[in-house]
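So the structure is just underneath, and the comments pick up after that.
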Amino acid sequence: MAWRWSPIPVFVFSLAMDAEGSRAYQVNTLNTFDEGLVRAVLEFSREHRIGEGRESQPFTVLPGFTYGSYGFDSVAAAPPAVHRYHIGRNEALNDVVTAVFPAYRCEFSGTETLDEAEYRFRHMLHPTTMSRPPVPYLRMRYENTKTGGGSIGPDRGFTTHEVLLRELDLLDGAPGSFVEFENFRGEVWKVEWDGSWVVNGERQESPLPEDWVMASLGCPSRGEPVRQEG
């Protein structure tokens, strides 16, 4: 009750039916295919019936997944409205397929709207890349008096770990500037510079290291090598 096909050499699609044969789980990979990892994700998804009965939730995330020397700690599932794997080719198949992929818990808040989940799935998470590092759930707003850069409006918007680190570094020597960011748990930090570093109202002796930033986001350090098989 499982299939694998490759429409072009760089893409491999793997699909497995659930125990009842009424729904299916699908893993898509790009460039690198690890059969053992894909099989483990599909077996974990089938065993835990991930995403079943929760179609209204844009992401379902189940911690407790590990495989070999990879760093993933969860499996994530996206419903048909988010993955759209078979839209335009086989609508009936699309409606019964749940996209699943190895993930990191820090990448999901559980409060994503459908639009937010679609954006993260398509443009940020790179779920087809099996060797990917964590892409933390990160919302940020900022203003820099020296560069003139800043976010628009009062709300925090999605951004990347690299942008956060860059804007934190640019605070140095820019009095009146700030960077405010939020992690997947809804925890918020506001970092300012007024001649020294101020984090949530408390002064710091030195710039914030990358390890501190990643720990605040609840993710393993991006500076560590990505663990993978082989």
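General remarks:
- Candidates E192, E180, E167, filtered to the one that is more than 30 Å from T32 (Cα to Cα), at pLDDT 90 or above and in contact with a Lys or Arg (Cβ under 8 Å, 6 or more places away or on another chain): E180
- Residue count for segment 94-117, restricted to those that are loosely packed, with under 15 Cβ neighbours inside 10 Å and either of a type in the set (F, W, Y) or not in a loop (DSSP other than H, G, I, E, B) (or both): 4.
- Restricting attention to segment 118-160, the residues that are surrounded by fewer than 21 Cβ atoms within 10 Å (Cβ to Cβ) and more than 21 Å from E180 (Cα to Cα) total 10.
- Number of the condition not met by G68 [criteria: (1) part of a loop (DSSP other than H, G, I, E, B); (2) of a type outside the set (F, W, Y); (3) open to solvent by less than 30 Å² (accessible area, probe 1.4 Å)]: (3)
- Consider segment 12-61 and keep the residues that are aromatic (F, W, Y) and within 15 Å of Y85 (Cβ to Cβ). The one that is least open to solvent (accessible area, probe 1.4 Å) is Y25.
- Taking first residues from segment 172-184 that are touching a residue at least 24 places away in the same chain (Cβ under 8 Å) and over 30 Å from T111 (Cα atoms) and partners that are open to solvent by 30 Å² or more (accessible area, probe 1.4 Å) and assigned to a strand (DSSP E or B), the Cβ contacts under 7 Å between residues at least 6 apart in sequence or on separate chains come to D172/W193; A174/W193; P175/W193.
- So A77, is it within 21 Å of E112 (Cα to Cα), at pLDDT 95 or above and crowded, with 20+ Cβ neighbours inside 10 Å: yes
- Cβ pairs under 6 Å, 6+ apart, first in segment 23-52 and under 22 Å from H126 (Cβ atoms) and part of a helix (DSSP H, G or I), second open to solvent by 10 Å² or more (accessible area, probe 1.4 Å) and not aromatic (F, W, Y): none
- For segment 208-224, the set of residues classified as surrounded by fewer than 14 Cβ atoms within 10 Å (Cβ to Cβ) and either in a loop (DSSP other than H, G, I, E, B) or in contact with a Phe, Trp or Tyr (Cβ under 8 Å, 6 or more places away or on another chain) (or both) consists of P209, G223, E224, listed by residue number.
The values are calculated or read from the model by the stated rules, or taken from the named source; none is laboratory data. Worth saying up front: this structure is predicted, and the values here are computed from it rather than measured. Because the Cβ atoms are built from the backbone with ideal geometry, glycine has one as well, and the counts that use them run over all protein chains shown. Side chains are part of the model used for accessible areas, which takes the heavy atoms of the whole protein and leaves out ligands, DNA and RNA. Shrake-Rupley method; radii C 1.70, N 1.55, O 1.52, S 1.80 Å.
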